[in-house]
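These notes concern the structure reproduced below.
The values are calculated or read from the model by the stated rules, or taken from the named source; none is laboratory data. The model shown is predicted, which means the values in this text are computed figures rather than measured ones. Cβ: placed from backbone, ideal geometry, glycine included. Neighbour counts: every protein chain shown.
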């Protein structure tokens, strides 16, 4: 039987807000955690317009969590009959030190697991992990002939992450997901709480509710938009794969709603590889302003890269539908960001 009350952590974030929107569109009651009152207010106002005030008010409630690393910060969020948790919350600020990156991610995960352990109504945890928890660049590499699946794990250690800022994000994702599966094997499975994790690469798409400034874009979209500033030479992307936020949100919701999907770990992503040169070529072909603002680079010269196994997720989490295509995603996403920029510039004029 499908759940009727779902907790979404990190609900005001880029991916979390799309997940909330998908759930509301299906008439499912949602509790949303937040840390920024301003973002929560903006999201609620938009969803009241999108779905109707009565529907949004009756289906959506908010709980403030504060510091994710604080023990018990999720206790109140799980009260009242929460049946499934979709965990999207994780610190992502590249200005942080390695310890500030890794420790809160692990502590926040442990805090959530502790709260779930004491909440008998919660029967499933859907965990938003990352390709960062899968890729083993040092040993397996990301070159041609390599394929990553849900069976692969990044072997990075806490010590490696804490001593290298570049590796701290990888460590935060890999180590926090490992806490999930360790808990599942020792506690969750015995208590009847199933676990599903999704490990997407770069996630692109429009924001689920209005933002006022380009600076409020999430990290992957911000890196994409940076190319429109004339950045030269075109930077190399460390991640050669991507997924539309619409596909990812659909997959997370379907993982939550399908009782048969438990004890599963998915790699999920478009079969089309990503590169900054591809992005530059696409921007320049789709938009007149793109030809003026995006560095040309070496058109059509795309690096060979590893493959990401996404067929299992496509069949089981996307109902067999094809992944949303690159050009369609870029046309929607860049048009949306240009509107944000134009509004921001108009306010400053």
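Taking the residues in the stretch 213-224 that are out of contact with any helix residue (DSSP H, G or I) (no Cβ under 7 Å at 6 or more places or on another chain) and over 17 Å from residue 90 (Cβ atoms) as candidates, determine which candidate is surrounded by the most Cβ atoms within 10 Å (Cβ to Cβ).
Ranking the candidates gives 223 first.
Of the conditions (1) under 30 Å from residue 159 (Cβ atoms); (2) modelled with pLDDT of 95 or more; (3) part of a loop (DSSP other than H, G, I, E, B), residue 96 clears all except one; give me its number.
(2)
Just one of (1) under 13 Å from the mean Cα position of the chain (by Cα); (2) surrounded by fewer than 22 Cβ atoms within 10 Å (Cβ to Cβ) trips up residue 242, so point out which.
Every condition holds for residue 242 apart from (2).
Go through the stretch 308-326 residue by residue and tally those that are out of contact with any helix residue (DSSP H, G or I) (no Cβ under 9 Å at 6 or more places or on another chain) and either assigned to a loop (DSSP other than H, G, I, E, B) or buried (at least 18 other Cβ atoms within 10 Å of the Cβ) (or both). Even if it seems obvious, please write down each step before you answer.
Filtering the stretch 308-326 for residues out of contact with any helix residue (DSSP H, G or I) (no Cβ under 9 Å at 6 or more places or on another chain) gives 309-312, 315, 325.
From what's left, either assigned to a loop (DSSP other than H, G, I, E, B) or buried (at least 18 other Cβ atoms within 10 Å of the Cβ) (or both): 309-310, 325.
Within the stretch 308-326, residues that are out of contact with any helix residue (DSSP H, G or I) (no Cβ under 9 Å at 6 or more places or on another chain) and either assigned to a loop (DSSP other than H, G, I, E, B) or buried (at least 18 other Cβ atoms within 10 Å of the Cβ) (or both) number 3.
How do the strands (runs of 3 or more DSSP E) wholly within the stretch 120-206 filter down when requiring 3 or more residues that are under 22 Å from residue 3 (Cα atoms): which remain? Give the derivation first.
Details: elements: 124-128, 194-199, 202-204.
Because the criterion is at least 3 residues that are under 22 Å from residue 3 (Cα atoms), the strands (runs of 3 or more DSSP E) in the stretch 120-206 that meet it are 124-128, 194-199.
Among the numbered conditions (1) farther than 30 Å from residue 103 by Cβ; (2) assigned to a helix (DSSP H, G or I); (3) touching a residue at least 40 places away in the same chain (Cβ under 8 Å); (4) out of contact with any helix residue (DSSP H, G or I) (no Cβ under 7 Å at 6 or more places or on another chain), tell me where residue 81 comes up short.
Checking residue 81 against (1) farther than 30 Å from residue 103 by Cβ; (2) assigned to a helix (DSSP H, G or I); (3) touching a residue at least 40 places away in the same chain (Cβ under 8 Å); (4) out of contact with any helix residue (DSSP H, G or I) (no Cβ under 7 Å at 6 or more places or on another chain), the one that fails is (2).
Exactly one of these conditions fails for residue 185: (1) within 29 Å of residue 312 (Cβ to Cβ); (2) surrounded by fewer than 18 Cβ atoms within 10 Å (Cβ to Cβ); (3) in contact with a helix residue (DSSP H, G or I) (Cβ under 9 Å, 6 or more places away or on another chain). Give me its number.
The single condition residue 185 does not satisfy is (3).
Can you pull out the residues in the stretch 327-337 that are surrounded by fewer than 18 Cβ atoms within 10 Å (Cβ to Cβ) and either in a loop (DSSP other than H, G, I, E, B) or out of contact with any helix residue (DSSP H, G or I) (no Cβ under 7 Å at 6 or more places or on another chain) (or both)? I'd like the intermediate steps shown before the answer.
The initial filter retains those residues of the stretch 327-337 that are surrounded by fewer than 18 Cβ atoms within 10 Å (Cβ to Cβ), namely 327-328, 331-332, 335-336.
If the condition is that a residue be surrounded by fewer than 18 Cβ atoms within 10 Å (Cβ to Cβ) and either in a loop (DSSP other than H, G, I, E, B) or out of contact with any helix residue (DSSP H, G or I) (no Cβ under 7 Å at 6 or more places or on another chain) (or both), then 328, 332, 335, 336 are the ones that fit.
Scanning for something surrounded by fewer than 19 Cβ atoms within 10 Å (Cβ to Cβ), over 30 Å from residue 27 (Cβ atoms), out of contact with any helix residue (DSSP H, G or I) (no Cβ under 6 Å at 6 or more places or on another chain) and at pLDDT below 95, does the stretch 189-197 turn up at least one residue?
Looking through the stretch 189-197, at least one residue is surrounded by fewer than 19 Cβ atoms within 10 Å (Cβ to Cβ), over 30 Å from residue 27 (Cβ atoms), out of contact with any helix residue (DSSP H, G or I) (no Cβ under 6 Å at 6 or more places or on another chain) and at pLDDT below 95.
Could you tell me which residue of the stretch 14-37 is nearest to residue 218 (Cα to Cα), considering only residues that are modelled with pLDDT of 95 or more and out of contact with any strand residue (DSSP E or B) (no Cβ under 9 Å at 6 or more places or on another chain)?
Checked the stretch 14-37; the qualifying residue nearest to residue 218 (Cα to Cα) is 18.
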